[in-house]
Amino acid sequence: MAERMQLCNISENNFEQCTKCSICTTVCPVAAVTTDYPGPKQAGPDGERYRLKDPAYFDKALKLCLNCKRCEVACPSGVHIADIIQHARMRATMGKRASLRDTMLANTDLLGTMANLVAPVANATLGLSPTKLVMHSVMAIDKHRTFPAYSRQKFTTWFKRHAAKEQDAFAHHVSYFHGCYVNYNFPKLGQDLVKLMNAVGYGVHLLDKEQCCGVALIANGLYKQAMRQGRTNIDSIRKSVNRDHRVVLTTSSSCTFNMRDEYPSMLGIENEDVRNSINLATRFIYNLVDEEKIKLIFKQNYKRRIAYHTACHMQRMGWQLYSIELLRMIPGLDLVELEQNCCGISGTYGFKKENYERSQAIGATLFKDIADAKVEAVATDCETCKWQIEMSTSLPVENPISILADALDIEATRQANLISD
Amino acid sequence: MVTNDIYNKEYDVIIVGGGATGAGTARDCALRGLSVLLVERNDYSTGATGRNHGLMHSGARYAVTDGESASECISENMILRRIARHCVEETDGLFITLPEDDLQYQQTFVEACQRAGISADIIDPEEARRIEPAVNPQLIGAVRVPDAAIDPFRLTVGNLLDARLHGAETLNYHEVEGLIINQNRVEGVKLLNKLNGERIEVRSRVVVNAAGIWGQRIAQTAGVNISMFPARGALLIFGHRVNNMVINRCRKPANADILVPDDTVCVIGTTSDRIPIETVDDMRVTREEVDVLLKEGVKIAPSLATTRIIRAYAGVRPLVASDDDPSGRSISRGIVCLDHAKRDGLESFITITGGKMMTYRLMGEIATNAVCAKLGNTAPCVTANQPLPGSEEDGPNQGDLTKRYSFGQRAAIGRHGSLAARIEKDNDIDNALVCECEGVTVGEIKYAVHQLHVHNLVNLRRRTRVGMGTCQGKLCSCRAASLMGEFSHDVKRAQEDLAAFLDERWKGMRPVAWGDTLREAQLTASIYEGLCGLDTAVNLQGKEDVQ
């Protein structure tokens, strides 16, 4: 009787399933570089028992968590360790105002909109030493950091002017959640995706309404804003999936993970009906090739040696294989698969003065591996890993989609997929 | 903690029994200026004191059936909130009426509470669900009472510490094998030192028998008959708190009708079965008991059905038999103080028994009054007003978890109150966690080992909560054993202690070993036996259990 009643133990985020094996702590990038952080087991399931007794037992060291989710990947008992830590942070900071610095870092889209208008000025100003010093001392944004350059033209502006008209002509269609980075900083990645998808017979469309996915808002404690934006995004995604029968592609692993997994677990946004329709572009394309629905033809003379870095949220989804296998299809590409180590930036974490040294210490192993790999560039699916690796190794970092678009023989591919002008 | 001339010395009073009652009596006697020796056959608080709910009764539970006990409870409840702040968590309690219960009883209950001076406010079921979300949502009535949670280990140690501060001496692992009797007068006790096998005699002007259910045996050695009424109760510990208020059933006391939030866990209990006096040392919990506790427990808080149980344990209520009630529940929890000079013609021998952990202080006061009357001491009792060490007004306490303390330091303040200031915390090693589930640091272990009479890991657990979390000692026991070995310079003993501790942890897990608790136990076994070979390094067979 007793056992039958107890067959299924249900605790929030499975925290009771923890058997204290401590594997999570051995893979935690933060615990590896500082004794100030007690590690995921202590910060998560252990601390949770005390926080249930009294919220005053919240440990401020939990702010050191990167939310990289490597603990969850390692856990043999399915405990949502990082979610437990994030929820505890959420409860502890709910109702408190975020600092100006955190609000600024978190509002990637607002900052982007303003910076696009004055891109040359913004880029020049953000790069100046006096500006950096002011940000370092007044706003506690580390002086070593360089803000990603802002583009003069937003991706959406380019798309509407130069691409939108042609998209309806294709036989198949997808929507594209471009995210803040593509829109404000690096429209080329979006352009590469459009080029690639068009070449294999897919029209690309924007969502009715897209807002920042909110990953940085969650990390900086701006939960209410994250919930508002998340609901807007899921509404738009729902329209795309149900009304237009278009799956939604992304080119950022963190946006993808956030919308698929953090929306329901952190923000309570129901997305079960459309979750499987939110897909990373590399995974979508890999599956099309694998199912022989499309063909990719690559340039004959293409020759590069590139290292692939698995972003943390990519590892959490377990999707790095799709990007890696897709890149391996390029005949002239010599791909080095790096050991799975965190780069240390974790979105806005590494931008903060108090985290800079820790951030670089976490990334040190990866940076050394990259140097040892003797490559000309690094591929990764996450834009913040890109900034961190570019700053810390001086090698260029590219999204696999851009590498594919670059290596693809567009004309031959169009013909192979029977697309005429 | 005992002077070398223990053999030559004559104490004013020897107290037999290191539970809450013995400790409270020792404290009271010491505060009134008597020279005191307390002896305990095992560790402190190993009997009924350490084997109950950890409930600080408001008295409401006894209001209908035993008004006198109820009044004692509420009076002591208010005193303990003042003098033992660091042992008490002021949770308040609910008495809930479920659809299967008679709502009429609520009125009877509230009136009885009022007669006993216990505040009992009828609240709306909706309000009850709001203030205690774990409560069975089907409840049809609720009464709010000033129940609370109390840690009996800390309470006992707090009393012993204060007794020692006032000159008392205390010995654990010393078993009374007999009383020294001269003519019709008790003049001391014959002791067996269970740690080294030595036998000694110690003299005193009065002996107080505060040995709980085992008091019957102590009295028997002097030819005095006390007829105890052993009523056994089993309890289950869940892996985390599901409730933050004590929840009781508003009906006549029955099986498994109280759920108490204790520290990081919650405890459901109890059963009640009369057992023969010969079996009071058998603390094994049966499958039937587990079934009953779960079946009734889920009626109080449905989430218990899906919450991990980490241990089961049992205790024996030291009631004094006065009638033939087979359930043992309608019997009075009343305090019984026997002056054996009047009762049995044996001078200088007092038994204090009955009662409950809740009224330990009052029992101590009553026993001390009896001792003082014999010795002609007229000092007044001050235990109701003087805070225990750790509960002084100044210094950090449970309500003052300021951010400048680390997690482990804050957990220690929660356990030791102002005494946490004595825990070393100036370097990384002292701040390192030994027990990660319960937040016990190296510094806290040093403090406990050196100042709180710790001989082994089980003692250490009672003083600090080492090994009381969900992993039941998997990660901390080897670290703690290593520290103990370092202090004692005895690796062999530390190894045996480690094996014995893990064995003791497993005993409590065995009755509930399924699901995650079984997974946990198997991982522990794999580490210590499979990987480290502890079972081949140490042979526990034939070792006397001196936990």
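Looking at (1) in a helix (DSSP H, G or I); (2) facing chain A (nearest Cβ under 10 Å), which is the only condition B:Ala494 fails? The number of the failed condition is (2). Do you know which of the residues in segment B:254-292 that are of a type in the set (A, V, I, L, M) and closer than 21 Å to B:Glu504 by Cβ is nearest to the other protein chains (Cβ to nearest Cβ)? Ranking the qualifying residues of segment B:254-292, first place goes to B:Val290. Identify, please: which residue in segment B:239-253 is within 14 Å of chain A (Cβ to nearest Cβ) and not hydrophobic (A, V, I, L, M, F, W, C) and is, among those, nearest to B:Gly515 (Cα to Cα)? Ranking the candidates gives B:Gly239 first. Just one of the numbered conditions (1) buried (at least 17 other Cβ atoms within 10 Å of the Cβ); (2) farther than 30 Å from B:Arg422 by Cβ; (3) free of Cβ contacts under 8 Å to residues at least 60 places away in the same chain; (4) within 14 Å of chain A (Cβ to nearest Cβ) is not true of B:Leu534: (4).
Suppose we filter A:His144, A:His162 for residues that are free of Cβ contacts under 8 Å to residues at least 12 places away in the same chain and either within 29 Å of A:Thr393 (Cα to Cα) or not assigned by TED's automatic domain parsing to the domain that holds A:Leu64 (or both); which single one remains? Steps first, answer last, please.
Numbers: A:His144 fails: free of Cβ contacts under 8 Å to residues at least 12 places away in the same chain.
Unique residue meeting the criteria: A:His162.
Applying the criterion of being of a type in the set (D, E, K, R) and more than 7 Å from every other protein chain (Cβ to nearest Cβ) to the residues of segment A:1-30, the residue that is surrounded by the most Cβ atoms within 10 Å (Cβ to Cβ) is A:Glu12. Listed by position, the strands (runs of 3 or more DSSP E) enclosed by segment A:272-387 that each have at least 2 residues that are buried (at least 21 other Cβ atoms within 10 Å of the Cβ) are A:278-280, A:304-308, A:377-379.
For segment B:60-152, give me every one of the helices (runs of 4 or more DSSP H) that falls completely inside it and has 3 or more residues that are assigned by TED's automatic domain parsing to the domain that holds B:Ala305 and in contact (Cβ under 8 Å) with a residue 12 or more places away in the chain. Answer list for segment B:60-152: B:104-116, B:125-131. Selection of segment B:498-525 for residues being facing chain A (nearest Cβ under 10 Å) and closer than 24 Å to B:Met484 by Cα yields B:Ala521, B:Leu523, B:Thr524.
In segment A:43-72, the residues that are away from chain B (no Cβ under 12 Å) reach residues that are buried (at least 22 other Cβ atoms within 10 Å of the Cβ) and hydroxyl-bearing (Ser, Thr, Tyr) with C-beta atoms within less than 7 angstrom, at least six apart or across chains, in these pairs: A:Leu64/A:Tyr37; A:Leu66/A:Ser346; A:Leu66/A:Tyr349; A:Asn67/A:Ser346; A:Cys68/A:Ser346.
Is one or more of the residues making up segment A:126-136 within 14 Å of chain B (Cβ to nearest Cβ) and in a helix (DSSP H, G or I)? If you could, list the steps in order and put the result at the bottom.
Narrowing segment A:126-136 to residues within 14 Å of chain B (Cβ to nearest Cβ): none.
No, segment A:126-136 has no match at all.
Exactly one residue out of B:Ser391, B:Ser330 is modelled with pLDDT under 95, on the phi < 0 side of the Ramachandran plot, in contact with a Lys or Arg (Cβ under 7 Å, 6 or more places away or on another chain) and of a type outside the set (D, E, K, R), and it is B:Ser391. All of (1) within 14 Å of chain A (Cβ to nearest Cβ); (2) closer than 20 Å to A:Asp46 by Cα hold for B:Ala480 with one exception: (1).
Has segment A:83-99 got at least one residue that is crowded, with 20+ Cβ neighbours inside 10 Å and touching a Cys at 6+ places or on another chain (Cβ under 7 Å)? Within segment A:83-99 (the criterion being crowded, with 20+ Cβ neighbours inside 10 Å and touching a Cys at 6+ places or on another chain (Cβ under 7 Å)), the answer is yes, since at least one residue qualifies. Would you check which residues across segment B:282-293 are buried (at least 16 other Cβ atoms within 10 Å of the Cβ) and either under 18 Å from A:Glu16 (Cα atoms) or acidic (Asp, Glu) (or both) and list them? Within segment B:282-293, B:Glu289 is the sole residue that qualifies.
The values are calculated or read from the model by the stated rules, or taken from the named source; none is laboratory data. Small disclaimer: the values here were computed from a predicted structure and weren't measured. Methodologically, a virtual Cβ is constructed for each residue, glycine included, from the backbone with ideal geometry; neighbour enumeration extends over all protein chains shown.
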